[in-house]
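Reviewing the structure listed below.
The values are calculated or read from the model by the stated rules, or taken from the named source; none is laboratory data. Small disclaimer: the values here were computed from a predicted structure and weren't measured. Positions of Cβ are backbone-derived with ideal geometry, glycine not excepted, and every protein chain shown enters the neighbour counts.
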Amino acid sequence: MDATTENYSLGTKLHADSYLYLFAFTFLYYDHLLTFDEEVRYIWSRPNHFSSRLFFVNRYFSFLGNIVILLSMFFAPSGPSSCHPWEEFQQFFHASVQIIVAILLTMRVYALYGRDKRVAIALTGIIVFGVGATAVSLVFSESTPAPSVFPIGCHDVLDLKNAALVSVGWELVFIYDTLLFSMTIFKAYQARFQLRVKKLEKLSIFTIMIRDGKSYYFHRESYITHSTMALTNLVNVLTFYVTGSSLFRGTLSPFASCTSVTLMSRLMLHLHKIAEQGLYVVHGDTLARPANSYSPDAFTPKENHRENLDISVGEIVESDDNENQSNFPCVAGPSTGKSTSLDV
């Protein structure tokens, strides 16, 4: 292969790598625009709430960090000396984003399981182990700036050994996602039999999960499901091993990172629609409370969580007869005098 052909092939790969980055960034910022009005309505109206602050950290850390990566991709001078700091920043940034999302989801599952300290300790231990393993793998990994036919833009190259080290963090993220998904499935299965109304027991687990809006893989909104995020993480891990070109190893990392932030932001926005507590809203409130009713914080004393929720039997029967016309047949309605107690 002569120099001209080699440069043309390298230039084509660099263009493809840049387009994949642009697609990820466009996805993140476009969804930000789509949901900005909801952010103003549900988050900015109570900016001092701790859940709102967590939302800002998740959304705007990624928002600003990706701008820096864009600058490195398209405006930084190419070359080993100038690109190495950008590459280190990119690895640190993606790891930080995944840690933030993992912490937020852990807090959500902790609230979902009624503040069970065993759940908190176990999940926190897993996160600490994952952060340590990721840090060690990144310290021992080395990336080489790609030789560029252009005067600007930083792209890195990973051989198979270093790709395996860099992929450790993404593999752990995928495993942790799967664990949280399993825990959510289990809680949805429990909720199906905890409800005291016979009609509610006929609901499928999937219906409860859609109503609850807390599943990491199945999002209540119809835009993107959490299964897409898990699949993206898996495909990204595979690129570290099966991609023929070393330039394409890990090229889906920006998209996987942007997907995590986007889905986490949508999840928190949906929870803030249900109740002011947002990330901390307790499981029972998402199942049977009206959106404008009071919801106790999941981290307040447990005795404050036991309430009698009046679920109208007449409303449920009516909804059951018209189940094809309603997505939420169990929403609490006006009391008919017949009610069932639901312990939250």
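Which condition from (1) in contact with a strand residue (DSSP E or B) (Cβ under 6 Å, 6 or more places away or on another chain); (2) within 23 Å of Lys187 (Cα to Cα) is the one that Glu87 breaks?
(2)
Which of (1) surrounded by 15 or more Cβ atoms within 10 Å (Cβ to Cβ); (2) touching a Cys at 6+ places or on another chain (Cβ under 8 Å) is the odd one out, the single condition Leu105 does not satisfy?
(2)
Looking for whichever is surrounded by 13 or more Cβ atoms within 10 Å (Cβ to Cβ) and over 17 Å from the mean Cα position of the chain (by Cα) here; the options are Leu22, Leu64, Leu33. Which one fits? So that I can check it myself, show each step before the final result.
Numbers: Leu64 fails: surrounded by 13 or more Cβ atoms within 10 Å (Cβ to Cβ); Leu33 fails: surrounded by 13 or more Cβ atoms within 10 Å (Cβ to Cβ).
Exactly one of Leu22, Leu64, Leu33 is surrounded by 13 or more Cβ atoms within 10 Å (Cβ to Cβ) and over 17 Å from the mean Cα position of the chain (by Cα), namely Leu22.
Can you work out which of the residues in the range 73-85 that are touching a helix residue (DSSP H, G or I) at 6+ places or on another chain (Cβ under 8 Å) and either free of Cβ contacts under 8 Å to residues at least 24 places away in the same chain or surrounded by 20 or more Cβ atoms within 10 Å (Cβ to Cβ) (or both) is farthest from Ser143 (Cα to Cα)?
Selected residue: Met73.
Could you check Cys154 against (1) part of a helix (DSSP H, G or I); (2) in contact with a strand residue (DSSP E or B) (Cβ under 8 Å, 6 or more places away or on another chain) and say which number it fails?
Only one criterion in (1) part of a helix (DSSP H, G or I); (2) in contact with a strand residue (DSSP E or B) (Cβ under 8 Å, 6 or more places away or on another chain) is unmet by Cys154, namely (1).
With respect to Arg108, determine if the residue is outside any loop (DSSP other than H, G, I, E, B), modelled with pLDDT under 85, among the basic types (Lys, Arg) and under 26 Å from Leu179 (Cβ atoms). Before the answer, list the steps.
Working: outside any loop (DSSP other than H, G, I, E, B): yes; modelled with pLDDT under 85: yes; among the basic types (Lys, Arg): yes; under 26 Å from Leu179 (Cβ atoms): yes.
Yes, satisfied.
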